[in-house]
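The values are calculated or read from the model by the stated rules, or taken from the named source; none is laboratory data. Small disclaimer: the values here were computed from a predicted structure and weren't measured. Here Cβ is always computed from backbone atoms with ideal geometry, including for glycine, and neighbour counts include all displayed protein chains. Accessible surface is based on the protein model in full, side chains and every heavy atom, while ligands, DNA and RNA are left aside. Shrake-Rupley method; radii C 1.70, N 1.55, O 1.52, S 1.80 Å.
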Amino acid sequence: MTDKPQQKARILIIEDEAMIAFAIEQTLLADGFEIAGIAARLPAALTLIDGCAFDAAILDTNLAGVSAGPAAAALKSSGRPFIIASGYPPSQQPEVFRGAPCIQKPYPPKRLLELLREILPLARA
């Protein structure tokens with residue numbers, strides 16, 4: 001028996017650092033997830049949140065110096081679960097990011113996968 005997802009869950013990655021986004025993508029693909037899309041800037045993130053099919057998202061709080069708060073608000077209003085992946089501790093993040101599981105950079109890939117498995121049942125509820 002494996003602890004990998006039974007169905008290929010589609011994950012949206014919102015991360016402005018190309019190497020980090022690539023590392024997340026490779027980690028997810030190796031573990032059986034599908035990538036719904038990758039956005040490095042807020043306008044692209046909002047477009048993907050509104051227009052693509054995904055089960056959960058991984059969201060950096062700062063996209064090239066711009067707060068990803070509007071993306072967090074859009075994710076919340078869509079009802080889709082997401083993880084905050086940030087260099088800032090939760091106590092230093094604006095209110096719009098609160099309530100979502102948070103993982104502080106740098107983080108072990110295994111912990112990111114664990115958090116995804118914790119929130120994915122929320123996407124299917």
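For the reader, a short list of remarks on this structure follows.
- Looking only at segment 1-18, and only at residues there that are over 22 Å from Thr47 (Cα atoms) and not charged (D, E, K, R), the one that is modelled with the lowest pLDDT: Met1
- Where Ala44 falls short, out of the listed (1) open to solvent by 50 Å² or more (accessible area, probe 1.4 Å); (2) over 16 Å from Leu115 (Cα atoms); (3) out of contact with any strand residue (DSSP E or B) (no Cβ under 6 Å at 6 or more places or on another chain): (1)
- Among the criteria (1) loosely packed, with under 14 Cβ neighbours inside 10 Å; (2) under 19 Å from Ala21 (Cβ atoms); (3) without any contact (Cβ under 8 Å) to a residue 40 or more places away in the chain, the one Arg98 does not fulfil is (2).
- Conditions (1) closer than 20 Å to Ala39 by Cα; (2) touching a strand residue (DSSP E or B) at 6+ places or on another chain (Cβ under 7 Å): number failed by Arg111: (1)
- Selection within segment 49-69 - assigned to a helix (DSSP H, G or I) and under 21 Å from Lys105 (Cβ atoms): Gly69
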